[in-house]
Protein chains: 2
Amino acid sequence: MININLIGAGNLAHHLFRGIYNSEGVKLQQWYSRDKKRLSAFSSKTGIIHDLKALQQADLTILAVSDDAIGELSSALPFDDQLVVHTSGSVSIHELDKKHRRGVFYPLQTFSKDVDVDFSHVPFCLEILEKEDLILLKKVCEAIGSPYYKINTEQRQTLHLAAVFVNNFTNQLYRIGHEITDIKNINFDILKPLILETAKKVQEVSPYMAQTGPAKRYDKKTIKRHLKLLDNPLHKELYELLTQSIQQTHGRKKL
Amino acid sequence: MININLIGAGNLAHHLFRGIYNSEGVKLQQWYSRDKKRLSAFSSKTGIIHDLKALQQADLTILAVSDDAIGELSSALPFDDQLVVHTSGSVSIHELDKKHRRGVFYPLQTFSKDVDVDFSHVPFCLEILEKEDLILLKKVCEAIGSPYYKINTEQRQTLHLAAVFVNNFTNQLYRIGHEITDIKNINFDILKPLILETAKKVQEVSPYMAQTGPAKRYDKKTIKRHLKLLDNPLHKELYELLTQSIQQTHGRKKL
């Protein structure tokens, strides 16, 4: 049985709680939140604490807290030489207090507040300083049913950047789709199957192979008409830049 | 029974063939392709023709051809006063020869060559000039199991533009994610669950509500670090512009 401490009461911490609580081979020993009210509903399921001094040693202590809080909280843990990991995509492993055995346990996924997470769709990016700590982190992933990948700091920070493109920026393109259809009284539902299919396609084929459309075809007539339809200057600029990017990727072969 | 003629031998035509062939209440009467070899495999299933003059009247004739070919092909059909529709997102209904009853039958979806389409995920945008033709197009959608929406020309052209954003441009963001991870020897598979989840999320909540990340948080430190990680000037420009667009959408409330 792997004993785990959980620090933090945000979105990710709640999902990790459920993942651990519902899995065999891992046990949530204690769950810390500064706020005294937030975790009271869980007191029958694990040891809820609001004072870090009450935290006991565990096989693994997970800091599921904001980037800025990682360093300070790791120093405040009342033990040393234990495995302590943070869950951030961008913070260095060295921000963890060096009195601990340190690691990163970064879930590359987006979490919704009220939607249960299927952990088989949450890949964990693992980073450690000591080889033997990897074994334990892998066991935790296996227990909760998640895929895992050992990566280094540079790779993790690149993944975090790539995640901004495929998640935040993609979502903003959905938003623009919503905006421009809304103005014309068009039901956004019409676009939803296309959004889903576009994401499904690249599960099987590369984004390079999946590309279609006026930019790739160098269809100047359609591109011009589309630009004319766009009112928001920022949307126009984005249309032009993304068209340029597609054409950079799919450059015409010289004849 | 609704008799249908299909014109064209491309990707969409093949999917429409399967959709019609596998449904009750609709029957593929004849299928035309200029190229004599392309449809030979289907000759036991429908009347394959390579000469437009051999085309007979039908309840519906679907032109699933490239935008540029619509006008000329509609004129070349050897009958008039029949319902003839094109399947383009951007071509005017009036490019169809006015000797016909004219309509648009635009499927808002991306089609892959070798992947069977589930027509329940293909919304059809219907446009007609005469009210009674709408009834027939709706019946065809119902027969093949597709949702449908009656829209006007301006709405269809806006949808086509929105589709470029949520499909082609989104796919290019996936491509950029692939590129920047590939350089660092990171398996693109790690990003696939996130891509799918991002698309799934907006099936339920609006893209506005679904947004997260450094741009929305005005997290200058992370944004600066990300920009530093990007080598390709076009990727940098896109990062900045999409960040700006997110911040335009999620403007900080004045204090």
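As a check on your grasp of the helix formula, calculate [θ] at 222 nm for chain B: sum -39500 (n - 2.57) over DSSP H runs of n ≥ 4, divide by the residue count, round to the nearest 500.
-12000 deg cm²/dmol, from helical runs alone.
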Calculated from backbone phi, Karplus (6.51, -1.76, 1.60) coupling profile of region A:33-41 in Hz, x at Gly/Pro: 9, 4, 6, 6, 8, 5, 9, 4, 5
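In Å², nearest 100, what accessible area do chains A and B bury in total when the solvent probe is 1.4 Å?
Working: alone 16170 and 16140 Å², together 23750 Å².
Counting protein atoms only, the buried area is about 8600 Å².
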At 7 Å out from Cα toward Cβ: A:Asn232 inter-copy label distances (nm, ascending): 2.4
Rounded to 5, percent antiparallel among DSSP beta bridges of chain B: 20
Largest-first principal axis extents of the Cα set of chain A (Å): 68, 44, 31
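Under a point-charge model restricted to the Cβ atoms of Lys and Arg (+1) and Asp and Glu (-1), what is the dipole moment magnitude of region B:90-144 relative to its Cα centre, in debye to the nearest 20?
On the way: 8 positive and 10 negative charges, 52 e Å.
Dipole size: approximately 240 debye.
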For A:222-234, mean number of other protein chain Cβ atoms within 10 Å: 3
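In Å, the Kirkwood hydrodynamic radius of region B:1-48 over pairs of distinct alpha carbons?
On the way: mean 1/r = 0.0933 Å⁻¹.
Evaluated on region B:1-48, it is 10.7 Å.
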Dimensions in Å of region B:156-255 - Rg and Dmax from alpha carbons: 14.9, 45
Shielding by other protein chains, A:110-116, mean Cβ within 10 Å: 4
Debye log10 I(q)/I(0) at q = 0.16, 0.20, 0.30 Å⁻¹ for region A:144-194, Cα point scatterers: -0.65, -0.76, -1.08
Phi to ³J(HN,Hα) by Karplus 6.51 cos²θ - 1.76 cosθ + 1.60 over region A:143-153, Hz, x for Gly, Pro: 4, 8, x, 9, x, 9, 9, 7, 9, 9, 4
For A:Lys27, label point 7 Å along C-beta direction: distances to other copies, nm: 7.1
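Over chain B, what percent of the accessible surface lies on carbon and sulfur atoms, probe 1.4 Å?
Values: 5610 of 11870 Å².
The value for chain B is 47 percent carbon and sulfur by accessible area.
Can you give the alpha-carbon Rg of the protein assembly as shown over 2.2 N^0.38 Å, where N counts its residues? Walk me through the numbers before you get to the answer.
Details: Rg = 27.0 Å, N = 510, 2.2 N^0.38 = 23.5 Å.
Rg over 2.2 N^0.38 Å, computed on Cα atoms: 1.15.
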Where rotation carries A onto B, the chain A residue whose Cβ is nearest that axis, in whole Å: A:Ala199, 2
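When only DSSP loop residues count, what GluC sites (Glu not before Pro) in region B:93-163 have their Cβ near at most 13 other Cβ atoms within 10 Å?
Values: sites: B:Glu95, B:Glu127, B:Glu130, B:Glu132, B:Glu142, B:Glu154; in loops: B:Glu130.
Hits after loop and neighbour filter: B:Glu130.
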Solvent exposure of region A:1-159 as accessible area per residue, Å², 1.4 Å probe: 46
7 Å along Cα→Cβ, label-point gaps from A:Asn3 to other copies, nm, shortest first: 8.1
Residue mean of other protein chain beta carbons inside 10 Å, A:66-73: 1
log10 of Debye I(q)/I(0), alpha-carbon scatterers only, for region A:58-169 at 0.18 Å⁻¹: -0.92
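The values are calculated or read from the model by the stated rules, or taken from the named source; none is laboratory data. As the structure is a computational prediction, the values presented were derived from the model and not from experiment. Backbone-built Cβ (ideal geometry, glycine too); neighbour counts: all protein chains shown. When the accessible area is computed, the model is the full protein with side chains, heavy atoms only, and any ligands, DNA or RNA have been set aside. Shrake-Rupley method; radii C 1.70, N 1.55, O 1.52, S 1.80 Å.
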